[in-house]
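Values quoted throughout were computed directly from the atomic coordinates according to the rules given, and no laboratory measurement underlies them. If you're wondering where the values come from, they're calculated on a predicted model, not measured in any experiment. Neighbour counts are summed over all protein chains in view; Cβ atoms, including those assigned to glycine, are modelled from backbone coordinates with ideal geometry.
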Amino acid sequence: MTGSKMPKWRQLADEVRRQIEDGTYPQGAALPQVKPAAEAAGVSYETMRAAYKALESEGLVRSIKRTGFVVLEAPGRRRVTRGTVVTRDPARGYVFPAASRPDEPWEIHGRPFRADVPAPERVADHFGIPPGTATLRRRRVTSPVGEPPFQLVDTWISPDAVADAPQVAEPSTGPGGYLDRLEEAGHGPISWSETIRVRMPDREEAQLLTIAMVMPILETTIVGTSALTERPIEVTIRVIPGDRVELVSDLQRSRAARWPVAPVKPKK
């Protein structure tokens, strides 16, 4: 819709968006408070708030308690070619398909967090334990150096696996990381499966990733299964804001789709 047919809140959102794009409101700047902005525009509080919430849903601003709506840094979108091969680096151990590029330095935001916390239902189902069971979670927020938080990664390790390899609960898990310690404890070779889905973030995820709760996130879940018990022993859940990444896959022709196409013989 255009002109007078466009809702007033949408017109206001478009105007503020233009002001963000032309630098009137730079990254990190707070937009005018809703009430005075509404009075200046001659609209109701609800109309002005609807305009700001529309910009929040686009990932342009974020509502911060006691501050108001703040302009976010424009994130770079990454094209990730999703492979299915797990490789090994002599220095780091196993390397999974990810959004990083070769030799690109990444940094950790805040301090990595590890603790026994109640296992959510999905994780508990994988481990065959009651939901809410105290389970080791290793959490970190990372990004390429100099960029805003890109991903939140939670690694859950089953209570039985921690009992077999206590070092996985320590701050430093040694060369090769927790996976090497699990395999050394008799669970190798671990095999993995991956599930990808899109969902909305919870409040804690939105705060850690500095995104609005209306911004969808891409979630990948990798489940590691023990060769010894044939049961999942570790679950790694990675969440990335939906405006930061797009997945790319190379499609392959099967023999039945070969070119040139074989001619169809007419029926007699």
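Order 109-120, 133-144, 242-253 from most to least packed using the mean count of other Cβ atoms within 10 Å. Please list the in-between numbers first.
On the way: 109-120: 14.5, 133-144: 18.0, 242-253: 12.2.
Put in order of decreasing packing, that is 133-144, 109-120, 242-253.
Starting from the Cα-Cα distance between Glu184 and Ala30, subtract it from 0.36 nm times their residue separation and give me the gain in nm to one decimal. It would help to have the intermediate numbers written out before the result.
On the way: separation 154, 0.36 × 154 = 55.44 nm, distance 5.21 nm.
Full-extension gain reported as 50.2 nm.
Quick one: net charge around Arg197, please, counting Lys, Arg +1 and Asp, Glu -1 for every other residue with C-beta under 13 Å from its C-beta. Working shown, then result.
Working: positive: Arg122, Arg199, Arg238; negative: Glu194, Glu219.
Local net charge: +1.
Under 8 Å for C-alpha pairs, at least 6 residues apart: give me the relative contact order for the range 3-71, rounded to a whole percent. Each step should come with its number before you reach the end.
Numbers: 64 pairs, mean separation 26.0, N = 69.
Answer for the range 3-71 is 38 percent.
Quote the FRET efficiency, to the nearest 0.05, computed for Asp103 versus Tyr45 with a Förster distance R0 of 51 Å and r equal to the Cβ-Cβ distance. Between Asp103 and Tyr45 the formula returns 0.50.
Taking the Cα centre of the chain as origin and assigning +1 to Lys and Arg Cβ atoms and -1 to Asp and Glu Cβ atoms, the resulting dipole is close to 1360 debye.
When the Gaussian network model of the chain links Cα atoms closer than 10 Å, the mean-square fluctuations of Pro171, Pro216, Pro148 top out at Pro171. In degrees from 0 to 90, rounded to the nearest 10, what is the angle of the helix 45-57 Cα long axis to the longest principal axis of the chain? Roughly 30 degrees, rounded to the nearest 10.
The Cα center of the range 206-268 and the Cα center of the range 1-62 differ in position by 36 Å.
Pairs exceeding 18 Å between alpha-carbon atoms, taken from Lys35/Lys65; Lys5/Lys53; Lys8/Lys65: Lys5/Lys53; Lys8/Lys65.
With helices as the sole contributors, the chain gives -6500 deg cm²/dmol at 222 nm; each DSSP H run of n ≥ 4 counts as -39500 (n - 2.57), and the sum is divided by every residue.
Sorted ascending by nearby beta carbons within 10 Å, beginning with the fewest, Tyr94, Tyr178, Tyr45 become Tyr45, Tyr94, Tyr178.
Which of these values of Kirkwood radius over Cα pairs in Å was calculated from the structure shown: (i) 20.6; (ii) 21.9; (iii) 19.2? Recomputing Kirkwood radius over Cα pairs in Å here picks out (ii). At an R0 of 45 angstrom, the distance between the Cβ atoms of Arg78 and Lys267 translates into a FRET efficiency of 0.30.
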